[in-house]
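Enquirer: To start, I am sharing the structure in question, which I have written as C-alpha cells.
The values are calculated or read from the model by the stated rules, or taken from the named source; none is laboratory data. Here the structure is a predicted model, which is why all the values come from computation and not from measurement. Ideal geometry is used to build each Cβ from the backbone, glycine not excepted, and the neighbour counts take in all protein chains shown. Please note that ligands, DNA and RNA were not included when accessible areas were found on the heavy atoms of the full protein model with its side chains. Shrake-Rupley method; radii C 1.70, N 1.55, O 1.52, S 1.80 Å.
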Amino acid sequence: EAAVTQSPRNKVAVTGGKVTLSCNQTNNHNNMYWYRQDTGHGLRLIHYSYGAGSTEKGDIPDGYKASRPSQENFSLILELATPSQTSVYFCASGDRDWGYEQYFGPGTRLTVL
Amino acid sequence: QQQVRQSPQSLTVWEGETAILNCSYENSAFDYFPWYQQFPGEGPALLIAIRSVSDKKEDGGFTIFFNKREKNLSLHIKDSQPGDSATYFCAASGGGADRLTFGKGTQLIIQP
C-alpha cells in the first residue's frame, strides 16, 4: 500500500539549533508538501515541491528551507529553530493525475525549548 | 486573508443524528473541494471530494452538497456514530495550482 512516512515522530530542539524533518513517500507522486498544524490555524502550507530538485514557497515559508533530493524524499530544514516553530508538522504527497488528492504522513511533533 | 472558512468551529450531536459541517470559499477559481478527516495523533485522511461541476456527492453515510453560486458547501454525516468523532477539514484547489488551501477545521463530537 502506498504510504507517506515521517521521521522523527517526536523531536525536542533547543533555540538556535538546526532541525531537519524528513519525509519519504512510496506513492510515486510528483508533488510533496510540508504543512504545520496549530490549534486555531488548521493546516498551513510551508513549502512544496513538483519533483526532484524543485522547491516552492508556500504561505508561511519564513524560517524554513526545503530540500527535494529525489522523487521519494522531501526534507524540511529549520536552520535556527525558535520556540514559535513548536508545532506538529505534516508531510503529504499528491499528483495532478490523482486529482489533486493529497496523502498525509503521521506527523512530527516538534518542541523548541 | 482566509480563503476557506469553516463553521462551526466545534459541533456536538447525538448518536444517530445527522451532523452538518459548513464551508465557504472566496476564490472563484477553486474547482475541487476535498474533505479530510483527522483523528487525534494521526495525519488527515481524505474522506470525500467534489468537483465544481457537480452539486452533490455521496459516499456511504457522507454527502457533500455544493452551491457554486453562493460559494459554499456542506458535509452531511448521516446516522452519525461515536467513531465519527474527529476533526474535519474542508479544502479547496483550482486554477491550475497543485496545492490545497485548508479551512481551520470543525471538531465533531458524537455523543452516545
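Enquirer: Tell me the relative contact order for chain B as a rounded percent, counting alpha carbon contacts under 8 Å between residues six or more apart.
Expert: For chain B, the relative contact order is 37 percent.
Enquirer: Can you tell me, using C-alpha contacts under 8 Å and at least 6 residues apart, the relative contact order of chain A as a whole percent?
Expert: 35 percent
Enquirer: Using a Debye calculation, one point per C-alpha and no hydration shell, please list log10 I(q)/I(0) for the protein assembly as shown at q = 0.11 Å⁻¹ in order.
Expert: Debye curve over Cα of the protein assembly as shown, log10 I(q)/I(0) at q = 0.11 Å⁻¹: -0.55.
Enquirer: Express the accessible area of the stretch A:4-98 per residue in Å², computed with a 1.4 Å probe while the remaining protein chains stay in the model.
Expert: 46 Å²
Enquirer: I've got another one for you. When the convex hull of the Cα atoms of chain A is projected onto a plane and the area is averaged over all directions, what value comes out in nm²?
Expert: If I average the Cα hull's projected area over directions, I get 6.6 nm².
Enquirer: How much of the DSSP bridge set in the protein assembly as shown is antiparallel, in percent, rounded to the nearest 5?
Expert: Just about 90 percent of them are antiparallel.
Enquirer: Turning to a different aspect of this structure: Report the number of Lys pairs in the stretch B:4-111 whose alpha-carbons are under 14 Å apart, with separation of 8 or more residues or on distinct chains.
Expert: Within the stretch B:4-111, the lysine pair count is 4.
Enquirer: Can I ask one more? What translational D, rounded to a whole number of µm²/s, comes out for the stretch B:4-111 from Stokes-Einstein when the hydrodynamic radius is the Kirkwood one over Cα pairs, at 25 °C and 0.890 mPa s?
Expert: 178 µm²/s
Enquirer: Inside 10 Å of the C-beta atoms of A:55-63, what's the mean count of C-beta atoms belonging to other chains?
Expert: The per-residue average across the peptide is 1.
Enquirer: With all pairs of different alpha carbon atoms counted, what Kirkwood hydrodynamic radius in Å does the stretch A:12-52 show?
Expert: That comes to 12.6 Å for the stretch A:12-52.
Enquirer: What ranking do B:99-108, A:85-94 get when scored by the average of other Cβ atoms within 10 Å per residue, highest first?
Expert: Peptide ranking by packing, descending: A:85-94, B:99-108.
Enquirer: Give me the percent of accessible area attributable to carbon and sulfur for the protein assembly as shown, probe 1.4 angstrom.
Expert: Reported share for carbon and sulfur atoms: 47 percent.
Enquirer: How many angstrom lie between the C-alpha centres of the stretch A:21-35 and the stretch A:56-113?
Expert: 9 Å
Enquirer: Mind checking which aspartates and glutamates have their Cα closer than 20 Å to the Cα of residue A:57? Skip sequence neighbours fewer than 8 apart in that chain.
Expert: A:38, A:72, A:79, A:95, A:101, B:98
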